[in-house]
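The values are calculated or read from the model by the stated rules, or taken from the named source; none is laboratory data. Just so you know, these numbers come straight off a predicted model, no measurement behind them. Positions of Cβ are generated from backbone atoms using ideal geometry, with glycine treated the same way; all protein chains shown enter the neighbour counts. Surface accessibility is based on the protein's heavy atoms, side chains included, excluding ligands, DNA and RNA. Shrake-Rupley method; radii C 1.70, N 1.55, O 1.52, S 1.80 Å.
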Amino acid sequence: MSDTKSANAMWGGRFASGPDAIMEAINASIGFDKRLAPQDIAGSRAHAAMLAAQGIITDSDAEAIREGLLTVLSEIETGQFAFSTALEDIHMNVEARLKEIIGEPAGRLHTARSRNDQVATDFRLWVRDQADAAILGLDALIRALLDQAEAGADWVMPGFTHLQTAQPVTWGHHMMAYVEMFARDLSRFRDARVRMNESPLGAAALAGTGFDIDRQMTAEALGFDRPMANSLDAVSDRDFALEFLSSATISAVHLSRLAEELVIWSSAQFRFVTLSDRFSTGSSIMPQKKNPDAAELIRAKIGRILGATVALFTVMKGLPLAYSKDMQEDKEQVFDAADNYMLALAAMTGMVTDMTGNRDNLEAAAASGFSTATDLADWLVRELGLPFREAHHVTGALVAMAEEQGCDLADLALADMQGVHAGITEGVFSVLTVQASVASRVSYGGTAPAQVRAQIARWRERLG
């Protein structure tokens with residue numbers, strides 16, 4: 001039987017002739033939805049077992065279907081399966097091959113289900129697997145950041161606002177900022193997984209089925225918490241995919257921000273970190289170059305992931321209930337975004353694990369740019385009782401003086417400082433070192449090494 005005739009047989013007697021080449025090309029999804037083969041076969045096996053348990057098909061037919069599906073899966077996994085665009089999608093490709101293997105019983109597999117609930121089930125299973133992979137990947141990245149934070153809990157570095165030196169912070173504190181960000185990403189994937197873990201199988205085309213099926217049985221067989229409660233909703237929404245994409249997009253933003261810092265920090269102008277050769281490349285013409293290409297590519301991935309998110313939101317925004325063929329456009333977006341997100345996540349984990357913080361350069365940079373000016377203002381408030389606005393003005397005058405003399409605040413003569421404000425004493429020098437600055441920031445969530453170590457311990461315990 002030709003592919004076209006086979007496709008017509010699948011559709012039944014409604015159509016007298018096959019689609020032309022253009023319709024076949026626009027209608028077929030097998031080029032990308034073949035990735036759903038393991039999920040499709042798992043769903044079909046669960047469905048066949050339930051049909052037999054309910055007495056809807058015989059045990060012998062169910063066994064033939066089960067064995068035949070395992071054969072199909074083996075052929076796909078070993079590259080022996082011949083996918084056909086004429087058969088449109090993974091579901092019809094699998095069913096057609098199953099019929100070739102086991103004959104008539106294959107035709108009973110589709111009893112009490114539709115391709116609508118079938119694809120919704122397959123896609124949920126696939127996205128759920130990707131959420132699990134993202135959770136594991138984020139856990140690994142967080143642990144790598146914790147290791148970096150622990151190693152440099154008391155290393156001093158500049159903290160920036162507007163990419164200008166603001167106040168000294170610790171390397172550990174900076175690493176822990178990303179721990180917090182990626183931990184929220186992890187929680188978003190976990191939350192999304194809980195919501196998506198309901199089974200559409202048994203919703204059929206849109207209205208349910210008149211067969212006495214057991215949806216709880218198939219839900220449990222596939223690891224779902226429960227069947228979805230409304231058949232229209234089950235086949236027509238893709239919010240689980242949108243939530244996965246949204247979570248991936250937010251996380252990709254965090255990856256991109258960290259990647260940007262690694263690009264800057266590894267430059268000859270900063271030299272805050274040294275990236276390993278595993279995640280760097282050379283130049284074809286400039287032998288001195290060591291380019292942070294992995295970080296730059298991670299930084300770029302957000303474009304693809306955000307693009308996929310916007311694309312799927314746009315596809316779904318105007319669809320009436322229930323299923324529309326527009327929804328065939330859901331998978332390519334999610335597949336591409338998931339692939340690129342997981343690649344970026346793995347690359348970032350490798351970069352963070354391998355990178356070396358250059359402690360001396362970090363500390364030297366922390367002392368530049370009058371980074372202890374806020375500490376000076378705080379000292380004037382605390383020790384001399386000045387209103388903060390006046391202390392701010394005095395500090396600004398002292399910064400201008402230091403700039404004029406070409407020195408740092410700690411290098412100013414006490415007499416010169418007293419010329420700006422007579423009440424300043426020798427004690428002011430105790431707050432003008434970067435080490436004293438970070439040590440003083442003991443408020444909860446602050447940069448003091450003791451606070452950083454406490455946060456590391458909290459996360460170690462939380463992650464187990």
Using alpha carbon positions and the Kirkwood radius, the Rg to Rh ratio of the range 131-277 is 1.20
Of VAL179, THR111, PHE335, whose Cα points farthest to the positive end of the dipole of the chain (charges on the beta-carbon: +1 Lys, Arg; -1 Asp, Glu; origin at the Cα centre)?
-> THR111
Computed on Cα atoms only, the convex hull of the range 395-456 has an orientation-averaged projected area in nm² of 5.0 nm²
Using a cut-off of 13 Å between beta-carbons, work out the net charge of the residues near SER256 (Lys and Arg +1, Asp and Glu -1, SER256 not included).
-> 0
Candidates per trypsin sites (Lys or Arg not before Pro) in the range 308-341, loop by DSSP, up to 16 other Cβ within 10 Å | LYS317
So for the chain, taking the charge dipole from beta-carbon charges (+1 Lys/Arg, -1 Asp/Glu), which of ALA144, LEU69, TYR323 sits furthest toward the positive end?
-> TYR323
Does the range 359-444 come out rounded, prolate or oblate by the C-alpha gyration tensor, with a ≥ b ≥ c the root eigenvalues, rounded set by a/c under 1.5 and, if not, prolate when a/b is larger than b/c and oblate if not?
-> oblate
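What chymotrypsin sites (Phe, Trp or Tyr not before Pro) does the range 214-282 have in DSSP loop regions with at most 16 other beta carbons within 10 Å?
PHE270
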On the full set of protein chains, 1.4 Å probe, figure out the accessible area of ARG271 and give it in Å² to the nearest 10.
-> 130 Å²
When the accessible area of the chain is split by element with a 1.4 Å probe, what percent falls to carbon and sulfur?
-> 53 percent
Magnitude of the charge dipole, the range 220-262, Cβ model with Lys/Arg +1 and Asp/Glu -1, debye to 20 = 60 debye
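How would TRP379, TRP155 line up by accessible area, probe 1.4 Å, largest first?
TRP155, TRP379
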Residues of the range 127-217: accessible area per residue with a 1.4 Å probe, Å² | 39 Å²
Would you work out the charge dipole size for the range 266-415 about its Cα centre, treating the Cβ of every Lys and Arg as +1 and the Cβ of every Asp and Glu as -1, and quote it to the nearest 20 debye?
-> 580 debye
Toy charge model, Lys and Arg Cβ at +1, Asp and Glu Cβ at -1: the range 285-373 dipole around Cα centroid in debye, rounded to 20, equals 120 debye
Can you name the helices of the chain, as whole DSSP H runs, whose Cα span along the helix axis is 30 Å or more and whose Kyte-Doolittle mean is not below 0.5?
-> 239-265, 293-316
Plugging the Cβ-Cβ distance of ARG359 and SER276 into 1/(1 + (r/R0)^6) at R0 = 22 Å yields, to the nearest 0.05, a FRET efficiency of 0.80
Row for the range 57-99, column shape: gyration tensor on C-alpha, a ≥ b ≥ c, rounded if a/c < 1.5 i.e. under 1.5, prolate if a/b over b/c, else oblate; value oblate
Take the alpha-carbon centre of the range 188-218, take the same for the range 30-44, and report the distance between them in whole Å.
-> 17 Å
